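Enquirer: Got a structure for you, written out below as structure tokens; questions coming shortly.
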Amino acid sequence: MSHRIAVVGSGPGGLTFARVLHRHGCPVAVFERDPAPDARPPGGTLDLHEGLGQLALDKAGLLTEFQALSRPEGQAMRILDADGTVLRDWRPGPDDRANPEIDRGQLRDLLLGPLDVQWGREVTRVAPGTRDGVLVRFADGRQETFDLVVGADGAWSRTRPVVSPVTPHYTGVTSVETSLDDVDTRHPGLARLIGDGSVAVYGVNRALVAQRNSGGHVKVYAQFRAPLDRHEHLDPADVEAVRSSLLALFDGWAAPVLDLLRHGTAFVHRPLHALPVSHTWTHVAGVTLLGDAAHLMPPLGAGANLAMLEGAELAEAITSAPGDPDQAVRAFEERMWARAGRWAKITTAGLERLVSPDPAEALALFDQVQPS
């Protein structure tokens, strides 16, 4: 296939797109603004669903390798009351592989494989309709043209303005992330509290969630409803000030639960943003989006899964219609919008219930998804 194809962004969606094209012998340029794969922490663990992320890996020929790396035991989920009472304690069966966990870094390395990512190539503008195709401009002043540019560049996509003027809005919920290292050795009590997967505690308009990663690493997320500027007065680098603010927010909760915050090593504020539930656009020849760039939604386990499946499906559509990739892209967008719209409704409603005035709503939602 002689078409010049580029993907902006080396997240799960962009890499899956490139990896499936590579499997079919189609060249693709992958541009990433980070200077190297390990330039910043990769983030926490992901649960890859059988019909979404795992299906995408199967299309990329990577499912067996994923199964060797993944942690089926990470599907375990425990819910506590604010006083520490165990309300639910679900553990997967020995053969349950519906949503096994994998660290983001491991998934990134798996997808990278033989791909030649152009690191440190920050895209500043995408301009379709030029004489030579779609023009991509970079922060270093260089520019290149392509027949198709796929924006897989996340929430604040530089590609999205080509097709849509819409920008993400604040959901009203902020998440503050911290971490625990060597939890089994340094904090055995917390290791037992968390178990093999995750533990969650829900209160009035707030929640604490701890999620085990591989190697004894644990990610902790304090979530709460607040104005976007609530913590503007706090310096994120002042770890003790942020810790004190969070402990005050969760005052009265059980001591073992608060230890998740007391032992955190650093804190990162992540206000949760989303695009409108039914975000679509008028098709623009030579440009499309996938993943968070197309349908940013609350982080309730769907985003990376959708991005990966979209990347795999778009690559397959292009390779199956080499004479007219634009028609394949149009059809892909229609399918993506319908599926993403359904998941956006689910995750938006889910966030409303998980961080709500009534903690019983969170428990009821969990029972719907994973009955006791």
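The values are calculated or read from the model by the stated rules, or taken from the named source; none is laboratory data. A quick note: this is a predicted structure, and the numbers were derived from the prediction, not measured. A quick note on method: Cβ atoms are made from the backbone with ideal geometry, for glycine too, and the neighbour counts reach across all protein chains shown. Areas reflect the complete protein model, heavy atoms only, side chains present, ligands, DNA and RNA absent. Shrake-Rupley method; radii C 1.70, N 1.55, O 1.52, S 1.80 Å.
Enquirer: What distance in nm separates the simple spin-label points at ASP83 and GLN143, each placed 7 Å from Cα in the Cβ direction?
Expert: 6.7 nm
Enquirer: Still on this model: Can you send over the solvent-accessible area of MET77, 1.4 Å probe, protein chains only, in Å² to the nearest 10?
Expert: Rounded to the nearest 10, that gives 40 Å².
Enquirer: Just going by the charge dipole of the chain, with Lys and Arg at +1 and Asp and Glu at -1 on Cβ, which of ALA294, ALA321, SER244 is farthest out on the positive end?
Expert: The residue sitting farthest along the positive end of the dipole is ALA321.
Enquirer: Quick one: net charge of ARG335's neighbours, Cβ under 9 Å, K/R +1, D/E -1?
Expert: -3
Enquirer: Something else: Determine the per residue accessible area of the chain with all protein chains present and a 1.4 angstrom probe, expressed in square angstrom.
Expert: 43 Å²
Enquirer: If you don't mind, there's one more thing I want to ask. Helix-only mean residue ellipticity at 222 nm, the chain, DSSP H runs n ≥ 4 weighted -39,500 (n - 2.57), per residue, nearest 500. What is it?
Expert: The helix contribution divided over the chain gives -10500 deg cm²/dmol.
Enquirer: Leaving ligands, DNA and RNA out of it, rank THR167, THR185 by accessible area with a 1.4 Å probe, largest first.
Expert: THR185, THR167
Enquirer: Which loop-located trypsin sites (Lys or Arg not before Pro) does segment 120-173 contain, where loop means any DSSP state but H, G, I, E or B and the Cβ has at most 16 other Cβ atoms within 10 Å?
Expert: Those satisfying the criteria are ARG131, ARG142.
Enquirer: Something else about it: Which whole-number percent of Cα pairs in segment 80-150 have a distance greater than 20 Å?
Expert: Result: 64 percent of Cα pairs exceed 20 Å.
Enquirer: How would the chain be classified by its alpha-carbon gyration tensor: rounded, prolate or oblate, with rounded meaning a/c under 1.5 and the a/b versus b/c comparison settling the rest?
Expert: Prolate, since a/c reaches 1.5 and a/b exceeds b/c.
Enquirer: A follow-up question, please. Would you work out what percent of the accessible area of the chain, with all protein chains in place, is carbon or sulfur (probe 1.4 Å)?
Expert: Values: 8090 of 16100 Å².
After summing per-atom areas, the C and S share lands at 50 percent.
Enquirer: What shape does segment 226-268 take by its C-alpha gyration tensor, where a ≥ b ≥ c are the square roots of the eigenvalues and a/c under 1.5 counts as rounded, a/b above b/c as prolate, and the rest as oblate?
Expert: Oblate.
Enquirer: Quick one: angle between helix 239-249 and the longest Cα principal axis of the chain, in degrees between 0 and 90, rounded to 10, please.
Expert: On a 0 to 90 degree scale, this one is about 70.
Enquirer: OK, next. In a shell of Cβ-Cβ distance under 13 Å around LEU365, excluding LEU365 itself, what net charge do Lys and Arg (+1) and Asp and Glu (-1) give?
Expert: Every neighbour counted, the sum reads -2.
Enquirer: Measure out, as a whole number of angstrom, how far apart the alpha-carbon centroids of segment 4-58 and segment 317-341 sit.
Expert: Segment 4-58 and segment 317-341 have Cα centres spaced 18 Å from each other.
Enquirer: Moving on. Quote to one decimal, in nm, the extra length available between ASP38 and GLN368 on full extension: 0.36 nm per residue of separation minus the C-alpha distance between them.
Expert: Stretched out fully, the ASP38 to GLN368 stretch lengthens by 115.0 nm.
Enquirer: Could you tell me which of rounded, prolate or oblate describes segment 182-265, using a ≥ b ≥ c as the square roots of the eigenvalues of the alpha-carbon gyration tensor, with rounded for a/c under 1.5 and, failing that, prolate when a/b is larger than b/c and oblate otherwise?
Expert: Judged from the Cα gyration tensor, segment 182-265 comes out prolate (a/c at least 1.5, a/b above b/c).
Enquirer: Let me ask another. In nm, to one decimal, how far is the THR348 label point from the GLU65 one, both placed 7 Å along Cα→Cβ?
Expert: Label-label distance for THR348 and GLU65, simple model: 3.7 nm.
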